[in-house]
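A.B. asks: Handing you this structure, nothing more for now.
The values are calculated or read from the model by the stated rules, or taken from the named source; none is laboratory data. What you are looking at is a predicted structure, and each value in this text was computed from that prediction instead of being measured. Note that we place each Cβ from the backbone using ideal geometry, even for glycine, and neighbour counts take in every protein chain shown. The area values use the complete protein model at the heavy-atom level, side chains included, leaving out ligands, DNA and RNA. Shrake-Rupley method; radii C 1.70, N 1.55, O 1.52, S 1.80 Å.
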Amino acid sequence: MQSNNIVLMADAYILGIESSCDETGAAVVRSGEKIVSNVVFSQIAIHAPYGGVVPELASREHLRAIVPVVRKALADARQSYQSIDALAVTQGPGLAGALLVGISFAKALAFALDKPLIAVNHLEGHIHAVLLEERQKGNHEVNFPVLALVVSGGHTHLYLAEQAGESWRYENIGHTRDDAAGEAFDKVAKLLGLGYPGGPIIDKLAQFGNPDAVNFGSPQIKHRDRRKGSDHDPGERPRFDFSYSGIKTAVLRRVQTHNLQSSIDNRRKALAAIPKPSLDDYRTLCDSAALDLVASFQRSMVEDLVSKTLAAARAYDAATLFVTGGVAANNELRTTFEREASQAGVPVYFPSRPLSTDNAAMIAAAAYPKLLAADFATMDFSAEAGMALR
Ligand code: KG4
Ligand code: ZN
């Protein structure tokens, strides 16, 4: 594995590998700005019967998929192991066993090929997915500071990003105190008998319900600086934290108080009997009480995510907003962000939907500035399940 500066050619082809959760991804990206290939093998069908990701199954499936997925990414890109310039792999955060599959494979490849290996933080990957999307459209102008909301099944994090030379520096100014937003979508969908993952189906069904039918209120978080007698440091920068375990409990309470359980059980059974339920199947199996609950839940989640992000943008004078991660695929979230950010006079960018959820193109894109800075991983680096982004 090279640890010295490499001679940079005009075009640098990076092979990215992603295995932090339940998607095995490999992609070739040219110079951080053009996707040449992007292969994602999703394990959703394997985890769906359990209503969530089973870590042991995820590692096993990554092991099965990694070689064919990488080979396909190279073939689609008309590249070979020898022709690529560098490798990039997700180091964390994520499931330790799942991360290790990608890391071990990437290390072995880099060693055998004598190519540089770059370790990438998965959250930085999600942020660079936005940049990659914009560069592909020919937009190379991004004003700093960038405020990035990374909103997925495992994260609801706000980062203030600045550019330092080729690299980016991040300050975390908010995160969820309990459940991530995507986790709330998944848990509520499971509770309502809609299967896994919940985000995409709630997104599609919400348009058929009344979003004002149930008032969930906005999640209350006690900030340290708002509590009486707190040890708040007056010099501390403001934080914008989230909390989504309460809304899940509120949905459960609603199910109990409105006697919705038997219709939920019927829906769960009926959907399990259909091999690939269509939107029409879901819709006919949902009564208006369920559709109203879905629409009201989504409205409440969207309002909270958008209002806190915009408050943070004002507090930190952000010049640009990035919204990324699996939940950024949500239609209502996108339109609400677009409307509110335009009123606030801040441009907002999202990745396309395939780049919102986990993929390896974002990992290869995030690795490009590190390639320019010769910031390479050494042979002894390992998975960091709880890796922070700085
Ligand atoms: O980024 P991602 O693929 O994996 C993680 O890093 O977690 O995000 C997956 C999450 C799941 O919770 C899924 O339900 C949610 O993103 N999601 C959505 C939508 N598509 C995926 N949530 C709301 N609306 C969507 N359209
Ligand atoms: Zn992710």
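A.B. asks: For segment 342-349, indicate whether the set of residues that are within 17 Å of the chain's Cα centre (by Cα) and either basic (Lys, Arg) or within 14 Å of ligand 1 (Cβ to nearest atom) (or both) is non-empty.
C.D. replies: No: segment 342-349 contains no residue that is within 17 Å of the chain's Cα centre (by Cα) and either basic (Lys, Arg) or within 14 Å of ligand 1 (Cβ to nearest atom) (or both).
A.B. asks: Being of a type in the set (Ser, Thr, Tyr) and loosely packed, with under 10 Cβ neighbours inside 10 Å is the filter here; which residues of segment 253-283 pass it?
C.D. replies: Thr257, Ser262, Ser278
A.B. asks: Would you list the helices (runs of 4 or more DSSP H) that sit entirely within segment 246-362 and hold 3 or more residues that are away from ligand 2 (no atom under 16 Å from the Cβ)?
C.D. replies: On the way: elements: 261-272, 279-284, 288-315, 331-344, 353-356.
The qualifying helices (runs of 4 or more DSSP H) are 261-272, 279-284, 288-315, 331-344.
A.B. asks: I'd like to check something: does segment 106-119 contain any residue that is touching a residue at least 40 places away in the same chain (Cβ under 8 Å), among the aliphatic types (A, V, I, L, M), touching a Pro at 6+ places or on another chain (Cβ under 8 Å) and closer than 20 Å to Gly182 by Cβ?
C.D. replies: no
A.B. asks: Taking only segment 26-71 into account, find how many residues are under 20 Å from Gly198 (Cα atoms) and among the aliphatic types (A, V, I, L, M).
C.D. replies: Of the residues in that region, 9 qualify.
A.B. asks: Given the criterion more than 22 Å from Phe242 (Cα to Cα) and assigned by TED's automatic domain parsing to the domain that holds Gln207, identify the matching residue among Asp304, Asp280, Asp317.
C.D. replies: Going through Asp304, Asp280, Asp317 in turn, just one is more than 22 Å from Phe242 (Cα to Cα) and assigned by TED's automatic domain parsing to the domain that holds Gln207: Asp280.
A.B. asks: Follow-up question, since we're still on this one. Within segment 148-166, does at least one residue satisfy the condition of being at positive phi and in the same structural domain as Met362 (by TED's automatic domain parsing)?
C.D. replies: For segment 148-166, residues at positive phi and in the same structural domain as Met362 (by TED's automatic domain parsing): absent.
A.B. asks: Among the numbered criteria (1) closer than 25 Å to Ser307 by Cβ; (2) open to solvent by less than 50 Å² (accessible area, probe 1.4 Å); (3) within 19 Å of the chain's Cα centre (by Cα), which one does His175 miss?
C.D. replies: Looking at each condition in turn, His175 falls short on (2).
A.B. asks: Please verify whether Tyr368 is open to solvent by 30 Å² or more (accessible area, probe 1.4 Å) and at pLDDT 95 or above, treating the condition exactly as stated.
C.D. replies: Values: open to solvent by 30 Å² or more (accessible area, probe 1.4 Å): yes; at pLDDT 95 or above: yes.
Against the criterion (open to solvent by 30 Å² or more (accessible area, probe 1.4 Å) and at pLDDT 95 or above), Tyr368 qualifies.
A.B. asks: I would also like to ask the following. Checking the conditions here, which among His126, His175, His155 is in contact with a strand residue (DSSP E or B) (Cβ under 6 Å, 6 or more places away or on another chain), within 13 Å of ligand 1 (Cβ to nearest atom) and not charged (D, E, K, R)?
C.D. replies: His126
A.B. asks: Looking only at residues in segment 173-210 that are out of contact with any helix residue (DSSP H, G or I) (no Cβ under 8 Å at 6 or more places or on another chain) and not hydroxyl-bearing (Ser, Thr, Tyr), which one is nearest to ligand 2 (Cβ to nearest atom)?
C.D. replies: Ala180
A.B. asks: Just to check your reading of the model, which residue among Ala112, Ala108, Ala98, Ala180 is aliphatic (A, V, I, L, M) and in contact with a strand residue (DSSP E or B) (Cβ under 7 Å, 6 or more places away or on another chain)?
C.D. replies: Only one candidate qualifies: Ala180.
A.B. asks: Which one of His122, His140, His126, His155 is surrounded by fewer than 24 Cβ atoms within 10 Å (Cβ to Cβ), within 16 Å of ligand 2 (Cβ to nearest atom) and not polar (S, T, N, Q)?
C.D. replies: Sole residue among the options that is surrounded by fewer than 24 Cβ atoms within 10 Å (Cβ to Cβ), within 16 Å of ligand 2 (Cβ to nearest atom) and not polar (S, T, N, Q): His155.
A.B. asks: Just to be sure, is Gly94 within 15 Å of ligand 1 (Cβ to nearest atom), part of a loop (DSSP other than H, G, I, E, B) and in contact with a Ser or Thr (Cβ under 7 Å, 6 or more places away or on another chain)?
C.D. replies: It is true that Gly94 is within 15 Å of ligand 1 (Cβ to nearest atom), part of a loop (DSSP other than H, G, I, E, B) and in contact with a Ser or Thr (Cβ under 7 Å, 6 or more places away or on another chain).
A.B. asks: OK, next. Does segment 81-89 include one or more residues that are hydrophobic (A, V, I, L, M, F, W, C), more than 16 Å from ligand 2 (Cβ to nearest atom) and not in a loop (DSSP other than H, G, I, E, B)?
C.D. replies: The answer is yes; a qualifying residue exists.
A.B. asks: Check off (1) surrounded by fewer than 22 Cβ atoms within 10 Å (Cβ to Cβ); (2) within 16 Å of ligand 1 (Cβ to nearest atom); (3) at pLDDT 95 or above for Ala148 and give me the number that stays unchecked.
C.D. replies: (1) is the only condition that Ala148 fails.
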